[in-house]
1. Under the condition of being more than 10 Å from chain A (Cβ to nearest Cβ) and aliphatic (A, V, I, L, M), which residue from segment B:65-76 is nearest to A:Arg43 (Cα to Cα)?
2. Quick check on segment B:308-336: of everything there that is assigned to a helix (DSSP H, G or I) and at pLDDT 95 or above, which residue is nearest to B:Ile243 (Cα to Cα)?
3. Output the qualifying pairs, or none if there are none: Cβ atoms under 9 angstrom, residues six or more apart or on different chains, first residue in segment A:1-12 and under 14 Å from A:Arg43 (Cβ atoms) and within 14 Å of another protein chain (Cβ to nearest Cβ), second residue more than 8 Å from DNA strand D (Cβ to nearest atom) and of a type in the set (Val, Ile, Thr).
4. Does B:Ala129 satisfy being more than 10 Å from every other protein chain (Cβ to nearest Cβ) and free of Cβ contacts under 8 Å to residues at least 60 places away in the same chain?
5. When you look at A:Leu186, is it closer than 29 Å to A:Phe135 by Cβ, assigned to a helix (DSSP H, G or I) and within 14 Å of chain B (Cβ to nearest Cβ), yes or no?
6. Output the number of the condition that B:Pro140 fails; it satisfies all remaining conditions of (1) surrounded by fewer than 23 Cβ atoms within 10 Å (Cβ to Cβ); (2) part of a helix (DSSP H, G or I).
7. Return only the number of the condition from (1) assigned to a helix (DSSP H, G or I); (2) within 11 Å of chain A (Cβ to nearest Cβ) that B:Asp29 does not satisfy.
There are 2 protein chains.
Amino acid sequence: MSATTISFVLNGGAQGKKVSEPVKQKILDYVQSIGYKPNLVARSLRTGKSRIIGMLVEDISDPFFSSIGRIIEDNLYEHGYKIFHSSTDNNPARSKDLLRIFRERQVDGYIIAPSPGIESEIQHILNDARPVILFDRFFPGLDTTNVIINNAGGTYDGTMHLIMNGFVSIAFITIDSEQVQMMDRLKGYKLAMTENELPSLIQKIKYVEYKTAPGKIAVRIKEFLTSNDSVDAILFATNYLAICGLQAIRELGLRIPYDIGVVGFDDNTHFSLFTPTITAVAQPVEEMSKKVIEQLMLCMTDENTRTMNETIVLPTKLMIRESSLSTVALTMKKQI
Amino acid sequence: MSATTISFVLNGGAQGKKVSEPVKQKILDYVQSIGYKPNLVARSLRTGKSRIIGMLVEDISDPFFSSIGRIIEDNLYEHGYKIFHSSTDNNPARSKDLLRIFRERQVDGYIIAPSPGIESEIQHILNDARPVILFDRFFPGLDTTNVIINNAGGTYDGTMHLIMNGFVSIAFITIDSEQVQMMDRLKGYKLAMTENELPSLIQKIKYVEYKTAPGKIAVRIKEFLTSNDSVDAILFATNYLAICGLQAIRELGLRIPYDIGVVGFDDNTHFSLFTPTITAVAQPVEEMSKKVIEQLMLCMTDENTRTMNETIVLPTKLMIRESSLSTVALTMKKQI
DNA sequence: CTGAAAGCGCTTACAG
DNA sequence: CTGAAAGCGCTTACAG
């Protein structure tokens, strides 16, 4: 029996080639009996397809990225793909290295939440007409398909919500990142403040510091609050900042929302269990993952879509809880 | 110039083969100029080594597994390995499928937090003398290298701590899993209760239910607490159960630790921000990851260690916070 | 020190 | 309907 026939049987036969039933059955039985497992490495070398997708995120241990990672993994699995998951720590050198490794391993497509400074590497991928989807952030100068959330809308909503609840000295605590998602979050906050003729008060934590223990960042936030004691509410630009900020607020003995109102960006399962519960701008994790897969699969099948510049913007949802409500603050006041 | 010479230059030359400096330099320059990138798929096919490790966990979006995943990814990267990360949902069929895929892709080694029912698949890997490390749980009948924590010790400590703080009707809320890590947690609890002549009270949540939304599990826990109103403390067997349990306790309007003491198993960053702060048995995530890598690398280099039965047991650490302290309960009592 | 050649395990045009 | 043969891009014994 020839390799050709066997290959046709196992792979369902190429272009109308048929194998007779008896032969087919015999091969199937034999394959079963010896427990044959195809060598996918050899197949990849021959076909040029690896059926592996390379995925780059900032940090796979971040709940946002690990939830998305999980959903994408499940979806790709359905499509017969496996995934290489790597964390860049937002470091350009590491990102480049990982992208090189992905390429050397012949991944079929890329899903990337890009670090700064890797525009030209992404451009290389586009030049090779390989499928690539950026998500969470993107480079406005590149013709990629991007799946993001409405960051400015999210912070705008959060800020407006605080304003409507009577807070007037609202600080925005963020990181010193020039990346588009962070810039947009800043924009939304500023817009709401300006529209209401309130002065903006922005505190940026250095990214190197941001990558350290929560305690250290809490120290920075405490310093900020101590030297700006008129602040009556804070909008945190990331989930991690909110956690560190809550620690700072606790250590300073401030009462939420009576002494200080709080809104976080990026919701998490625990915010509804804090006392008081914490208001947050939720990101549509599920929809985002689905859109990423949908767009990637489109690029995989239709070569023309690969360098088509498109940015899909998904809405955020403000999860209103106690930490930002004037009524809750009022009740607390009465109790004191 | 022959492929042999080029290969020697790029891979540092095999077994004492030397390439003259001028030739070497010329090749290096040329390779640089055309931007040559090796095809690692071809190399894998030829050498039989993929430099890929397959990792199977229950759920990569679980903070415990994603933290370990991150550390292991970083460590393997240092060693020149990449990782396939997959979630099994503790489902045997899915686990088997993923293991088959790993094999077809010729992974060099396996890191597995096994689901039930895959003993024979793991045995196959051992028979092939492939490096495999089990962690978090293991199969007592197999000659694998296992890295686990002292589960029984952890729950014993947690239970003893509650008893020493005056709690007498301590319930253990767990899942209906027969896996070794869960059985050991149960054992530690029972031992502490028996030693102190206290009656055990165990509530098992069905695994299918466990995989649903926190709200549904909270309902189960509320039912349990309502029909067992003498319970004065709970030890939760997993992090997720603790979160759901805290929701249940909140919804019932019970005050921690005055009405009910709480200890969780598996610490998380947020427990120190809850009101009151939550006591938990912390797992040594960093050490565990390092041990896994260390043992895997040992198996990779030394074939003899691959089927050596060894179980490395790491200690847990009780993080004592407010939710379990009699002094805190006392203070609350005075305030009421 | 350098090169010609075989072979890893597949797939697939081509011939019969 | 079936088979012989080439080739994917490497590595590595072997010969010179």
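The values are calculated or read from the model by the stated rules, or taken from the named source; none is laboratory data. Just so you know, these numbers come straight off a predicted model, no measurement behind them. Heads up, the Cβs are rebuilt from the backbone with ideal geometry, glycines too, and the neighbour counts pull from every protein chain shown.
1. That would be B:Leu76.
2. Looking at residues that are assigned to a helix (DSSP H, G or I) and at pLDDT 95 or above, I get B:Ser323.
3. Filtered contacts from segment A:1-12: A:Leu10/A:Ile27; A:Leu10/A:Val31.
4. No: the conditions fail for B:Ala129.
5. For A:Leu186, the condition - closer than 29 Å to A:Phe135 by Cβ, assigned to a helix (DSSP H, G or I) and within 14 Å of chain B (Cβ to nearest Cβ) - is not met.
6. Here B:Pro140 meets the rest and fails (2).
7. Status for B:Asp29: all satisfied but (2).
Results for (1) within 18 Å of the chain's Cα centre (by Cα); (2) modelled with pLDDT of 95 or more; (3) surrounded by 15 or more Cβ atoms within 10 Å (Cβ to Cβ), shown as yes or no for each residue.
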site: A:Thr88; (1), (2), (3): yes, yes, yes
site: A:Lys96; (1), (2), (3): no, yes, yes
site: A:Asp108; (1), (2), (3): no, yes, yes
site: A:Pro114; (1), (2), (3): yes, yes, yes
site: A:Ser120; (1), (2), (3): no, yes, no
site: A:Asp128; (1), (2), (3): no, no, no
